[in-house]
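Throughout, read-outs are computed from the coordinates displayed, never taken from laboratory work. Predicted, not measured: the structure shown is a model, and the values here were computed from it. Glycine gets a Cβ as well: all are built from the backbone with ideal geometry, and neighbour counts include every protein chain shown.
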Amino acid sequence: MPKITDVILSPDTFFAEKMQSAEEIRFPLIIVLITGIIGAITGYMMGELTARMFAGVGAGMGEIVLVSSFAGAFFGVLLMWIAGTGILYLLSMVFKGTGGFKRALEFIGWGFIPQVFSAIIGLLVALYYFPMVQVPVLRSFQDPAVMQSAINHLMNDPSMLQYRQISSIISIIFILWSASIWIFGMKHARKLSTKNAAIVVLVPVLIYIISIVYTIFSGIPAPGV
Amino acid sequence: MKSFNFIGLILLISVILVFTASAATSTSVTTDPQTAAGQISVTKVTLDPEVFYEGDKGTIALEVTNNGVDSVAIHRATFYDNNIEVVGNPYEASTSIGGGNKQTFTYTVVADAPEGIYYPVFSISFRDAGSLRYPVKVQVENAPLSVSLLEKPDTFSAGKKEQVKLLIGNPRDDSVNGLTVTVQGGGFDVVPSSYFVGTLDSDRSVIVPFTITPSGPGDLVFNVNYKNGINPHETSLTVPVTLLDSKKQARPVVSNIQEKSDPDGTIHITGDVTNAGLEPAKAVIITSSSPAVPVDPYKSYVVGGLEPDDFSSFEVTFTADNVTTVPIQVTYRDSDGNLYTEISIVDITSKIPSKTTGSPLPLPIIGLIIGLAVVIGGVIWYSWRKR
């Protein structure tokens, strides 16, 4: 039975040993759920800011924003796990990878361990910066241009801007760590060479990183950041 | 005795009648034709028109009176001149004018002669005597009516009503009739479309007002049509219409601009708007325009009317992204309802939150991130080395 620390320190060995036992999705699911819950808390805090922006519009709007932010962040992580595995699974077919989807899902789930740390640090950063954000208050839904302008003001608030920059950098660092684990996961789950597994994993991950970097410079908020 | 008296009375009456008849016979015999013709004279001359233009057609009527008691036989009456053309000669046949009667001889003439004074001759030939010659003064003058611009604005502005006044004078020695002023040309609306004056006597003038509302540049042509007798004549005056800003029009000027911004990003601009023109500005409305987005509570600020040199304070609210200046738009109307727009650019650099450049990250955070990157880099390096 491999130790959990091996996922971090020796993922190649960890997944090689895991391949000897039956597929076990429970622990990876727990890891993903923990990531989702922490991310949802951050999402809830972000939703609270947005709800304050809509407070002047009318009763009920704030609650809708809060629930949708929480649920969006939580299910976003689950979707990222399943859809991400699907993308990697399909890409590995280019290199004639073999092995079931469930095994790939299990190993990619193990690779979410760094994302737990990322979510925790992201939450701490949010707790530090969000109270300093000045939230614009919308008075009406009549004019879309006014709404867009208010959202832009929220996203370009100095505190919000710093939060987004820090969380983006942290997200990049931890996604690279996860990618490192996912390479070994895909290598064993889909029986690929290390080089091919690296290509399969790094292509989508680099696209994701580029999108985050673009977000920082363009000012458009990216999903999950 | 009684019978003698009656016979005597009849004889007396007879004698009286014989003497009376004898006296009458002796009188008619003494009036000769020369004497009778001498009683004929021209008592009235009427010219229509009184003064001709060169080429005008008209009539000359001569009233002839027989001041005697005997009828005078006329062989023929003629009217002639080398310069003034007489159309036809309707009095060639013999006629007579009874004692104490009048007869009018009317001739149609055409003044085919240059400016000047002419004396065509009216002549009556008597059957039993000589003739009567009577020169008639006919004046030919080509001076047209004078048309001058009495009043017009310094500049025309599109859509703005302006009054134009013409002074029409008659320098001729006769009156003209049927005087009408019409306006020709495009690019403007004229009220009234024409102006009827009627008769304009000699050395008199009349003022004709028009209201012009131009929509574009062009020439305003005033045609003055009139008749001299039965002859139509025309003179005109052209006024070029060039559209420029009126020198007197209202001119709202925005000043004393103060800015402040709310935490929600709403920018407030307050200031004064002063009418620096010479005419009142009506329905003055102030708002911000693109790229600014006007928002409540002062999307637009209605100042209302502003008299010359009058001012009013205003406030507008808007949001704006990625801009350093915002146009403040002042719209107003003149007394004719024409809409005007003035734009003032306001600098709001200090009031717009920066979009992409926040304050730099604090050093501890940078240190923490670097540390985190180093640790994770080490873990990744270790995990790859250990495989």
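Quick notes on this one:
- Intensity falloff of region B:252-351 expressed as log10 I(q)/I(0), Debye formula with alpha-carbon point scatterers, at q = 0.12, 0.14 Å⁻¹: -0.36, -0.49
- Cross-link pairs B:Lys152/B:Lys282; B:Lys137/B:Lys227; B:Lys57/B:Lys227 - those with Cα-Cα distance over 19 Å: B:Lys152/B:Lys282; B:Lys137/B:Lys227
- With each label modelled as a point 7 angstrom along the Cα→C-beta vector, the B:Ala93-B:Glu307 pair spans 8.3 nm.
- Viscosity 1.002 mPa s, 20 °C: Kirkwood-radius Stokes-Einstein D of region B:33-140 over Cα pairs, µm²/s: 151 µm²/s
- Cβ-based net charge around B:Ser202, under 9 Å, with every Lys or Arg adding one and every Asp or Glu removing one: -3
- Region B:146-241: radius of gyration over Cα atoms, expressed as a fraction of 2.2 N^0.38 Å: 1.11
- Spin-label model distance (nm) - A:Leu202 vs B:Ser335, 7 Å beyond Cα toward Cβ: 8.3 nm
- Computed from the Cβ-Cβ distance with R0 of 41 Å, the FRET efficiency linking B:Asn256 to B:Thr211 stands at 0.55.
- Where Rh is the Kirkwood radius over Cα pairs, Rg/Rh for region A:171-213: 1.01
- Distance between the 7 Å Cα→Cβ label points at B:Tyr80 and A:Ala22: 15.2 nm.
- Amide H partners (placed H, <5 Å) of B:Arg172, local residues excluded: B:Asp203
- Here region A:23-218 is treated as a sphere whose radius is the Kirkwood value from Cα pairs; by Stokes-Einstein at 37 °C and 0.692 mPa s it diffuses with a coefficient of 181 µm²/s.
- Part-to-part distance (alpha-carbon centres) for region B:146-171 and region B:211-281, which is given in Å: 16 Å
- Nonlocal amide H pairs with B:Leu150, under 5 Å, H built at 1.01 Å: B:Lys165, B:Leu166, B:Leu167
- A cut-off under 10 angstrom between Cβ atoms defines the neighbours of A:Ser92, and their net charge, with Lys, Arg +1 and Asp, Glu -1, is +4.
- Shown here for region B:52-95: GluC sites (Glu not before Pro) in loop regions (DSSP other than H, G, I, E, B) with at most 11 other Cβ atoms within 10 Å, namely B:Glu92.
- The HN-Hα couplings worked out from phi for region B:111-118 by the Karplus form 6.51 cos²θ - 1.76 cosθ + 1.60 (θ = phi - 60°) are 8, 7, 9, x, 3, x, 10, 10 Hz, whole numbers, x standing for Gly and Pro.
- Furthest towards positive pole of dipole, B:Ile168, A:Ile166, B:Phe188, structure part the protein assembly as shown, Cβ charges: A:Ile166
- Cut-off 10 Å between beta-carbons: net charge of the residues surrounding B:Tyr119, Lys and Arg +1, Asp and Glu -1: 0
- Residue mean of other protein chain beta carbons inside 10 Å, B:335-345: 0
- Mean silhouette area of chain B, derived from the convex hull of its C-alpha atoms and averaged over all directions, reads 47.9 nm².
- Of the DSSP H helices in chain A, those whose Cα atoms cover at least 24 Å axially and whose Kyte score averages 1.0 or more: A:26-53, A:61-92, A:113-129, A:194-218
- Reach of A:Lys18 by Cα under 17 Å, taken over aspartates and glutamates that are not fewer than 8 positions away in the same chain: A:Asp6, A:Glu106
- B:Lys282/B:Glu234 FRET efficiency (R0 45 Å; Cβ-Cβ; nearest 0.05): 0.60
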